[in-house]
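Read through the structure below, which is laid out as C-alpha cells, and then see the notes.
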Amino acid sequence: MDGQVGDGSILVLVEDVMVPISVVYNAISILKKEGVEKLDPMIVTQASTQSLTSVESASRDIVALICRSLEFPSDKMCGDILRVLKPGGTVLLSLSSQSVSKANSTHEHKLLLAGFSDAQSSEAGHSIVITAKKPSWKVGSSFSIKKITKSLPKVQIDDDSDLIDEDSLLTEEDLKKPLLPNVGDCEVGKTKKACKNCSCGRAEAETKVQLGPTAEQLDNPQSACGSCGLGDAFRCGTCPYKGLPPFKLGEKVTLSTNFLDADI
C-alpha cells in the first residue's frame, strides 16, 4: 500500500517503496534554499494516480517527484498534480542518473501537455531536475481586455501650395485643334467614292469579288498552272473554273445537255 508521512503545503511523490529523507530534502532545497530541515512535507511512497484522489484541489504550493524511470509520473498523474497545486504552484521532478539520457525531453513534454508552463531543466549532482509552474489563473476566471485606440496623425494641407492648376500641365501642342486625316483626293461627303487615281486603299475595298469565270475566260480559257482544264481534282481553291467540267486550253468551255440534271 502507499505510505504517507507528514502533512503540509509540500507534497512529495516517490516511485519506490522507500526513500532516504536526505534525497527528499535535497530535491526540495532546489526551490527553498533556507529552512528545509524545518519543513514537514507530506511524503507518499509507491505513488500512483490513486494517491492523489484524497488530496484537495488547489491545496499544495509544491509537489516534488522522486523518479527513477521514464514511465513515472504517468500522463494522468501529471493532470492530477496540476489539480492539487495552487495557482502559480511549482512541480519538481528529480530524475536519477540511470534515466538522464531520455528523461529530460520526455518529462518536459508530459508537463507541458498536462497544462504546466515555464518548464526548465538543470543538473544537480548525478540527477536532472525539471521544474514547471502551474498557471496563476483559475479555470473559469475572466478579465477585461483594454482596447488601445491609436489616433491618426493630423496632416495639415496648405491649399495654396499643394494644389496644382490642371491647365498648367497642358502644352501648346495639346491646345491645338486636331487635323482631319489625309485621305488623298477621294471624296469624303455623304456618298464616299474612290477617285480615279486612288492611293488610300478605298478603291480596292470597293472592288467587288468576281465569282465564277468571266465570258472571256469561258470563250478562251487559259491556265497559269496548267491544271485548270483537268477537272476539280486538280484545281486549287481559288480557281475560277471550279465546278466546270474538264476542258482543253484555248477551246471554248461548253456544258453538256444533262449538266444540270440530278445524278439520281
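Can you tell me which of 255, 179, 218 is at pLDDT below 80 and surrounded by 14 or more Cβ atoms within 10 Å (Cβ to Cβ)? On inspection, the qualifying residue turns out to be 218.
Scanning segment 41-63 for residues that are in contact with a Ser or Thr (Cβ under 7 Å, 6 or more places away or on another chain) and open to solvent by less than 10 Å² (accessible area, probe 1.4 Å) turns up just one, 44. From the list 35, 89, 8, 3, the lone residue that is at pLDDT 80 or above and either open to solvent by less than 30 Å² (accessible area, probe 1.4 Å) or over 15 Å from residue 133 (Cα atoms) (or both) is 89. Pairing each residue of segment 27-49 that is in a helix (DSSP H, G or I) with any residue that is at pLDDT 85 or above and open to solvent by 50 Å² or more (accessible area, probe 1.4 Å), provided the two are 6+ apart or on different chains, yields C-beta distances under 7 Å for 49/76.
The criterion of being under 14 Å from residue 12 (Cα atoms), at pLDDT below 85 and open to solvent by less than 20 Å² (accessible area, probe 1.4 Å) holds for residue 67.
The residues listed here are 157, 145; of these, the one that is in a loop (DSSP other than H, G, I, E, B), modelled with pLDDT under 70 and loosely packed, with under 10 Cβ neighbours inside 10 Å is 157. Checking the stated criteria, residue 172 turns out not to satisfy the condition of being under 30 Å from residue 242 (Cβ atoms), at pLDDT 70 or above, of a type outside the set (A, V, I, L, M) and open to solvent by 100 Å² or more (accessible area, probe 1.4 Å).
The values are calculated or read from the model by the stated rules, or taken from the named source; none is laboratory data. Nothing here was measured: the structure is a model prediction, and the numbers come from that model. We place every Cβ from the backbone using ideal geometry, glycine too, and count neighbours over all the protein chains shown. Only protein heavy atoms, including side chains, enter the accessible area calculation; ligands, DNA and RNA are left aside. Shrake-Rupley method; radii C 1.70, N 1.55, O 1.52, S 1.80 Å.
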